[in-house]
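Heads up, the thing below is written out as structure tokens.
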Amino acid sequence: MNDYKHPLTDVEFVLNELVKFDELCAAAGLEDVNTELASVVLTEAGKLGTGVLAPLNRTGDEVHPVIVDNGVKETKGFADAYQAYVEGGWATLTAAEEFGGQNLPNVLGTAVNEVWQTCNLSFALCPLLSQGAIESISHHGSDELKEHFLPKLVSGEWTGTMNLTEAGAGTDLAAVSTKAVANGDHYLITGQKIFITWGDHQMTDNVIHLVLARLPGAPAGVKGISLFIVPKFLLDENGNPADRNDVYAVSLEHKMGIHGSPTCVMSFGDNGGAVGYLVGEEHNGLAYMFTMMNHARQGVGLQGLGVSEAAYQLAVQFAKDRIQGTKKDGSRYPIIRFADVRRMLMQMKSGTEAMRALCLVAAAEADRKNTARQELLTPIVKGWVTEFAQELTSLGIQIHGGMGFIEETGAAQYYRDARILPIYEGTTAVQALDLVGRKTLMNGGESLQSLLDEMAVDISAFETLGGDFSLAAEQCRTSLNNGIAARQWLLDTKADRNASASACVNFMMLFGFLCGGWLMAKSAVQAQAKLTAGEGDPKFLQAKLISARFYCEHMMPRTQSYLASVIAGGESIMALDEELF
Amino acid sequence: MKILVPVKRVIDYNVKVRVKSDNSDVDLANVKMAMNPFCEIAVEQAVRLKEAGVASEVIVVSMGDKSCQEQIRTALALGADRGIQIETDTLPDSLSAAKLLKALVQEEQPQLVIMGKQSIDTDNNQTGQMLAALLDYPQGTFVSEMSVEGDKVQITREIDGGLQTLELDLPAIVTVDLRLNDPRYASLPNIMKAKRKPLAVKTPADLGVELNNKVTLVAVNPPEERQAGIKVASVSELVDKLKNEAKVL
């Protein structure tokens, strides 16, 4: 979108009031890092996003990457934008200093990533994937691998990819069949991977693939998969790209959205075997993948926020410009004055604010090394934010009316781009099963209990606002009780796996809307305190109060229906005989 | 060679400007502020001269309360070496600003002062010219091209009739126009480094200047809103209205 305005005030509000950024930095021993610096960093990121990435968003949608003789040629203009991104040092934001990173907090990296994701989701996928590769190598690679590959991945001179999916192995990675055979100091990889995001391009002089493959005689299933680094160009003795490795992008997928992002079929070893280097130990690849899962999944959740924010900004602009009403005196007025357009805009506004609050609060848990909370929130960030993004980007079209269905306005692109988000990096069902299984049942509901306890404290504070907020507080309390009841139901029925598997998505959505409401309520309390103290921008704070009130009154009642569906269990879901479908 | 670049904190050019209800001034409460776009171009030019090895040091200076340090930090993040804030309670008018800059130039002895041709808040287009006059330095205004050679600077000025090329002896004052360059985006490492670059705070008294604004802001009024048009039935009615109502014929 061309007229993107970075919502800096809201980002700063969340960082200051919900994340307590200064305390976080002090506790993490990051001297000189504070809200003042964050504000400068975010402002400058906003300029690059607005000036360079946003104008290319439409281009990527219309001019797709193509296969050429030497691989994939990305959309025109993307290489220059990538160059600007790298020269600006933005790729290095959160990486470790020893590999050329700036060592800034994850939560600030997340806030900056929101800019890229909002301005140009297709483009921003490329650095997002590189971050995944950086994380896998930093945590599990040998010193030699780190030395060879990390500095240039961190600087952004090279990009990274994640090669997991195969035609027969999607959600079920146990079925991975790509082969790796030891060959001297390296391995030879053969096989085919599909859906490889940014699998090839000409923006950088090397691409570093992280590839899941099986060694001969490896145990069947998930315990027999190893992780390899397969560079597009092998490195010479000076560490520079030299010989072409036997890995090629052989075709590109035709997709519904994110057209600017090349989704490749990657072929390994057509000419004898692609040289690969083992990361960590044999057969442990999938476990390594899980260590970067929190980051990657939260990153996709953030994309849900980005695309919703973009859709919202476009819809507001349209609603203010589009003249459709006529007053008695004959004067005309814009559609933003219609109550139902307002309802949709409020849903989008309060929804994106709740998403932002949750994304940043969850990202901060990584900086606080609060692993249990980080792991609990991850499936909610990924699952709920990306599902909610479907509704919000759809409303973006609805506000445009017929014009929304016409590609020209740009509203449709956000809707199409958003549709992949609840699918890749673990579908909504995978997130929901993760939430009920690993994150709840496996610890007897303890993580969830501590979250609910924290919510109870903040909601009590919200209840003291009174006045206009009475109904909102009431809805908040009811939703909290719905969360408590859902948790209890899950613990009570844990023996019935069928029931929890049938209920999991509704369970996850309930907690998503509850988390959003909790943070909006907390925001309202902080906003009111600032207003009373005469601090901050009163217009912004008033808007925050109204937004929080709307969210609690109109979004939180959804927890009631999710709870009802959870409690109904799985009987009617599974009762129908397969043949009768 | 040192270059001094004065930068001004102004209302962000993206912000819709509103007038205070008592018409005393533009409403700046909680409004996004930024570096004056012409000053950005000046900073960019100075940094380019440094990168080209022509300049050895780029000093940025701003005037006002502590908040203008934001704009100084921005300039430092773009590549300037150090900053000076001249602390004033009220914004100096053009002549006061020029006097403060004169004192600073005498203290720092830069060979070049590169500054915006005007600021987008008051649109005065005066300070550069006044500074040159006070210092009795050569001046080149509305510059769209410049190159430094030895102790001279060659400049191209955008003037009404076209372009004028002049050569000035250094030290000189150059005020820049829009087309001189395309300012860069600040890089993250430079933003981080900017925190550690020196930023000195001086008062007008330190510079031996007594602030004495000669210009008083009397009132600010928004432009009149455009009225709805009317349809005329005939050409003769149109001519009649243009003649007798609009009085333009």
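The values are calculated or read from the model by the stated rules, or taken from the named source; none is laboratory data. Because the structure is predicted, anything quoted here is derived from the model rather than measured. Reconstructed Cβ throughout: ideal geometry from the backbone, glycine too, with neighbour counts over all protein chains shown.
In region A:73-95, which residues are away from chain B (no Cβ under 14 Å) and surrounded by 22 or more Cβ atoms within 10 Å (Cβ to Cβ)?
Correct list: A:Glu74, A:Thr75, A:Phe78.
Just give me the residues in region B:42-72 being surrounded by fewer than 21 Cβ atoms within 10 Å (Cβ to Cβ) and not hydrophobic (A, V, I, L, M, F, W, C), in sequence order.
Selection gives B:Arg48, B:Lys50, B:Glu51, B:Gly53, B:Ser56, B:Glu57, B:Gly64, B:Asp65, B:Lys66, B:Ser67, B:Gln69, B:Glu70.
Scan region A:225-248 for residues that are surrounded by 19 or more Cβ atoms within 10 Å (Cβ to Cβ) and of a type in the set (Gly, Ala, Ser) and report the count.
1
Helices (runs of 4 or more DSSP H) wholly in region A:376-493 with at least 2 residues that are surrounded by 22 or more Cβ atoms within 10 Å (Cβ to Cβ) and within 16 Å of the chain's Cα centre (by Cα) - which ones?
Answer list for region A:376-493: A:386-400, A:411-418, A:428-436.
Out of the residues in region A:553-581 meeting the condition of being assigned to a loop (DSSP other than H, G, I, E, B) and either over 30 Å from A:Leu491 (Cβ atoms) or not aliphatic (A, V, I, L, M) (or both), tell me which one is nearest to the other protein chains (Cβ to nearest Cβ).
For region A:553-581, the residue satisfying everything is A:Pro557.
If you take the residues of region A:16-33 that are assigned to a loop (DSSP other than H, G, I, E, B), away from every other protein chain (no Cβ under 14 Å) and surrounded by 14 or more Cβ atoms within 10 Å (Cβ to Cβ), which of them is modelled with the lowest pLDDT?
Of everything passing the filter in region A:16-33, A:Ala28 is modelled with the lowest pLDDT.
crowded, with 19+ Cβ neighbours inside 10 Å and over 21 Å from the mean Cα position of the chain (by Cα): is that true of A:Leu37 in this structure?
yes
Among the residues of region B:1-35, count how many are in a loop (DSSP other than H, G, I, E, B), surrounded by 20 or more Cβ atoms within 10 Å (Cβ to Cβ) and within 14 Å of chain A (Cβ to nearest Cβ).
Residues meeting the conditions: 0.
When you go through B:Lys193, B:Lys197, B:Lys243 one by one, which is the residue that is at negative phi, modelled with pLDDT under 95 and within 14 Å of another protein chain (Cβ to nearest Cβ)?
Within the list B:Lys193, B:Lys197, B:Lys243, the selection yields B:Lys193.
Can you pull out every residue in region B:73-91 that is more than 17 Å from B:Lys2 (Cα to Cα), buried (at least 22 other Cβ atoms within 10 Å of the Cβ) and touching a strand residue (DSSP E or B) at 6+ places or on another chain (Cβ under 6 Å)?
B:Thr74, B:Gln85, B:Ile86
On the given criteria, is A:Lys530 part of a helix (DSSP H, G or I), in contact with a Leu (Cβ under 7 Å, 6 or more places away or on another chain) and not aliphatic (A, V, I, L, M)?
When the stated conditions are applied, A:Lys530 passes them.
Mind listing whichever residues of region A:297-341 are small (Gly, Ala, Ser) and surrounded by fewer than 22 Cβ atoms within 10 Å (Cβ to Cβ)?
Hits for region A:297-341 are A:Ala319, A:Gly325, A:Gly330, A:Ser331, A:Ala339.
Hey, among the residues in region A:92-110 that are of a type outside the set (A, V, I, L, M, F, W, C) and part of a loop (DSSP other than H, G, I, E, B), which one's farthest from A:Phe13 (Cα to Cα)?
A:Gly100
Mind checking which residues of region B:92-123 are surrounded by fewer than 18 Cβ atoms within 10 Å (Cβ to Cβ), of a type in the set (Asp, Glu) and touching a residue at least 40 places away in the same chain (Cβ under 8 Å)?
Passing the criteria: B:Glu107, B:Glu108, B:Asp121.
Are there any strands (runs of 3 or more DSSP E) wholly within region B:132-249 with 1 or more residues that are touching a strand residue (DSSP E or B) at 6+ places or on another chain (Cβ under 8 Å) and free of Cβ contacts under 8 Å to residues at least 12 places away in the same chain, and if so which?
In region B:132-249, the matching strands (runs of 3 or more DSSP E) lie at B:139-149, B:162-169.
Out of region A:50-72, which residues are hydrophobic (A, V, I, L, M, F, W, C) and either in a helix (DSSP H, G or I) or within 14 Å of another protein chain (Cβ to nearest Cβ) (or both)?
Result: A:Val52, A:Leu53, A:Ala54, A:Leu56.
Could you please give the count of residues in region A:528-552 that are buried (at least 17 other Cβ atoms within 10 Å of the Cβ) and away from chain B (no Cβ under 14 Å)?
Number of matching residues: 8.
What number of residues within region B:141-151 satisfy the criterion of being touching an Asp or Glu at 6+ places or on another chain (Cβ under 8 Å) and loosely packed, with under 15 Cβ neighbours inside 10 Å?
1
Only one of these is assigned to a helix (DSSP H, G or I), of a type outside the set (Val, Ile, Thr) and either within 14 Å of another protein chain (Cβ to nearest Cβ) or within 22 Å of B:Glu44 (Cα to Cα) (or both): B:Leu95, B:Leu104. Name it.
Exactly one residue qualifies, and that residue is B:Leu104.
Let me confirm something: among A:Gly304, A:Gly239, A:Gly257, which residue is in contact with a Cys (Cβ under 9 Å, 6 or more places away or on another chain) and among the small types (Gly, Ala, Ser)?
A:Gly304
Inspect region A:86-96 for any residue being without any contact (Cβ under 8 Å) to a residue 40 or more places away in the chain, on the phi < 0 side of the Ramachandran plot and over 23 Å from the mean Cα position of the chain (by Cα) and give the result as yes or no.
Yes, region A:86-96 contains a residue that is without any contact (Cβ under 8 Å) to a residue 40 or more places away in the chain, on the phi < 0 side of the Ramachandran plot and over 23 Å from the mean Cα position of the chain (by Cα).
Would you check if B:Asn181 is away from every other protein chain (no Cβ under 14 Å) and under 30 Å from A:Ala45 (Cα atoms)?
yes
Scan region A:34-49 and report the pairs whose first residue is more than 9 Å from every other protein chain (Cβ to nearest Cβ) and whose second residue is among the small types (Gly, Ala, Ser) and surrounded by fewer than 17 Cβ atoms within 10 Å (Cβ to Cβ), with Cβ atoms within less than 8 Å and a gap of 6+ or a chain change.
none
So B:Glu70 ticks every box in (1) part of a helix (DSSP H, G or I); (2) more than 12 Å from every other protein chain (Cβ to nearest Cβ); (3) of a type in the set (Asp, Glu) but one. Which box is left unticked?
(2)
Considering only residues that are more than 14 Å from every other protein chain (Cβ to nearest Cβ) and either farther than 30 Å from A:Glu62 by Cα or without any contact (Cβ under 8 Å) to a residue 40 or more places away in the chain (or both), look in region A:1-15 and name the one that is surrounded by the most Cβ atoms within 10 Å (Cβ to Cβ).
Per the criteria, the residue is A:Val14.
Determine the pairs where a residue that is in contact (Cβ under 8 Å) with a residue 24 or more places away in the chain and among the small types (Gly, Ala, Ser), located within region A:442-470, has a partner that is crowded, with 19+ Cβ neighbours inside 10 Å and assigned to a loop (DSSP other than H, G, I, E, B) with Cβ atoms under 9 Å apart, the partner being 6 or more residues away or on another chain.
The qualifying pairs are A:Ser447/A:Lys439; A:Ser447/A:Thr440.
Would region A:306-317 turn up any residue that is within 30 Å of A:His140 (Cβ to Cβ) and not aliphatic (A, V, I, L, M)?
Among the residues of region A:306-317, at least one is within 30 Å of A:His140 (Cβ to Cβ) and not aliphatic (A, V, I, L, M), which makes the answer yes.
Considering every residue within region B:80-94, establish whether at least one is closer than 17 Å to B:Thr141 by Cβ and within 17 Å of the chain's Cα centre (by Cα).
yes
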